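S.K.: Questions regarding the structure given below will be posed in turn.
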Amino acid sequence: MSNNTKVGFLGLGHMGGPMAANLVKAGYEVLAFDPVPAAQAQAREDGATVVATAAEAVSASDIVITMLPNGRIVLDLYTEVLSAAKPGTLFVDCSTIDVADAKQAAELAAAAGHRALDAPVSGGVAGAAAGTLTFMVGGADADFAAALPLFEVMGGKVVHCGGAGVGQAAKICNNMLLGISMIGLSEAIVLGEKLGLTHDKFFDVVSTASGQSWALTSYCPVPGPVPASPANNDYQPGFATALMTKDLGLAASALRGNGVDGQLGLLAAEIYSRFNQDEAGKDFSAIVTDIRKRSGEEPA
């Protein structure tokens, strides 16, 4: 299969690398850039054309995808490369960043004569590799339509959420709820342990009762009931605590900035920030081990 659309891909880490590889498999010519040599080597192995600079990738591309660690890096990169792009280039940022940063990125692109979408993803490294990510997209209808074929290669579900920044809003709201859910689930599990309730019986009851949640049925934070969950692999991520802490920090800023009485969201951000100090590399579901420790229990 071939495709005439040239795609620049900036940021080839654990998420960006597999996403770029899936575009190559679908027949797109991918011009890839990442400063990390190991990421460059993997991209070459996956069939992408690795170039020497971000500007070089941008200058020859019709659509540019970025997958970067934070909003400051996104804005700095846009400032650096927008002038190198062909007029009307579509910039698609798949990073998870602050809504205000996403809106500013779109404004920078527009001022330089380009188009922009914010398109954060859910689904983790496994979803990136399998091409089953969920994309939450903010931006104009026509720009969404132009990028949709690429989203459909890299993802299993694509939702156009609204205008600039609204894709990021959807991601932040979802992950705030996930963080709150995982803490609540973990507290209930530890309480059950204290009261003599086994993990299997807890799961049997709650998975089909009113306390059911995705955190329990798909990502159970204790070993056994959901064999594929990180709890069965010493809490190797998955979705790292450092990333959940980042997303909850974005949510906390949005809560404060918009005058929302989000007490649970703010508390979840505090709890994960504390846990992150020692366990940044563990999956975020390992919060159950911290709750157990702080409850005076030995590890289960």
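The values are calculated or read from the model by the stated rules, or taken from the named source; none is laboratory data. Quantities reported herein were computed from a predicted structural model and do not represent experimental measurements. Note: ideal-geometry Cβ built from the backbone for every residue, glycine included; neighbour counts use all protein chains shown. All accessible areas refer to the heavy atoms of the entire protein, side chains included, with ligands and DNA or RNA removed. Shrake-Rupley method; radii C 1.70, N 1.55, O 1.52, S 1.80 Å.
S.K.: Among the residues of region 15-26, is any more than 22 Å from residue 128 (Cα to Cα) and either in a strand (DSSP E or B) or open to solvent by 40 Å² or more (accessible area, probe 1.4 Å) (or both)?
M.R.: no
S.K.: Looking at region 228-236, can you tell me whether even one residue there is in a helix (DSSP H, G or I), modelled with pLDDT of 95 or more and among the aromatic types (Phe, Trp, Tyr)?
M.R.: Looking through region 228-236, none of the residues is in a helix (DSSP H, G or I), modelled with pLDDT of 95 or more and among the aromatic types (Phe, Trp, Tyr).
S.K.: Here is a follow-up. Return the residue satisfying two criteria in turn: it lies in region 36-75 and is among the charged types (D, E, K, R) and over 20 Å from the mean Cα position of the chain (by Cα), and of such residues it is surrounded by the fewest Cβ atoms within 10 Å (Cβ to Cβ).
M.R.: Once the filter is applied, the top-ranked residue is 45.
S.K.: Cβ-Cβ under 6 Å, sequence separation 6+ or interchain: first residue in region 214-238 and under 13 Å from residue 203 (Cα atoms) and in contact (Cβ under 8 Å) with a residue 12 or more places away in the chain, partner open to solvent by less than 50 Å² (accessible area, probe 1.4 Å) and among the aromatic types (Phe, Trp, Tyr). Which pairs?
M.R.: From residues that are under 13 Å from residue 203 (Cα atoms) and in contact (Cβ under 8 Å) with a residue 12 or more places away in the chain, the pairs are 225/203.
S.K.: Another question about this same structure. Determine, yes or no, whether residue 300 is open to solvent by 30 Å² or more (accessible area, probe 1.4 Å), among the small types (Gly, Ala, Ser) and modelled with pLDDT under 95.
M.R.: It is true that residue 300 is open to solvent by 30 Å² or more (accessible area, probe 1.4 Å), among the small types (Gly, Ala, Ser) and modelled with pLDDT under 95.
S.K.: Here is a follow-up. Please enumerate the residues belonging to region 1-14 that are surrounded by 21 or more Cβ atoms within 10 Å (Cβ to Cβ) and part of a strand (DSSP E or B).
M.R.: Of everything in region 1-14, those that are surrounded by 21 or more Cβ atoms within 10 Å (Cβ to Cβ) and part of a strand (DSSP E or B) turn out to be 7, 8, 9, 10.
S.K.: If I filter region 222-281 down to residues being among the hydroxyl-bearing types (Ser, Thr, Tyr) and in contact with an Asp or Glu (Cβ under 7 Å, 6 or more places away or on another chain), which single residue comes out as surrounded by the fewest Cβ atoms within 10 Å (Cβ to Cβ)?
M.R.: My answer is 253.
S.K.: Follow-up question, since we're still on this one. What are the pairs with Cβ atoms under 8 angstrom where one residue, in region 170-197, is free of Cβ contacts under 8 Å to residues at least 24 places away in the same chain and the other, located anywhere, is part of a helix (DSSP H, G or I) and of a type in the set (A, V, I, L, M)? Sequence gap at least six, or different chains.
M.R.: Listed by first residue and then by second, the contacts come to 188/206.
S.K.: In region 171-217, what residues are open to solvent by 30 Å² or more (accessible area, probe 1.4 Å) and under 20 Å from the mean Cα position of the chain (by Cα)?
M.R.: Of everything in region 171-217, those that are open to solvent by 30 Å² or more (accessible area, probe 1.4 Å) and under 20 Å from the mean Cα position of the chain (by Cα) turn out to be 173, 174, 176, 177, 178, 180, 181, 214.
S.K.: Next up: Going through region 122-146 one residue at a time, which ones are within 17 Å of residue 110 (Cβ to Cβ) and either free of Cβ contacts under 8 Å to residues at least 60 places away in the same chain or buried (at least 24 other Cβ atoms within 10 Å of the Cβ) (or both)?
M.R.: Residues satisfying the conditions are 137, 138, 139, 140, 141, 142, 143, 144.
S.K.: Restricting attention to region 76-114, which residues are buried (at least 22 other Cβ atoms within 10 Å of the Cβ), among the small types (Gly, Ala, Ser) and within 24 Å of the chain's Cα centre (by Cα)?
M.R.: 95, 102, 105, 106, 109
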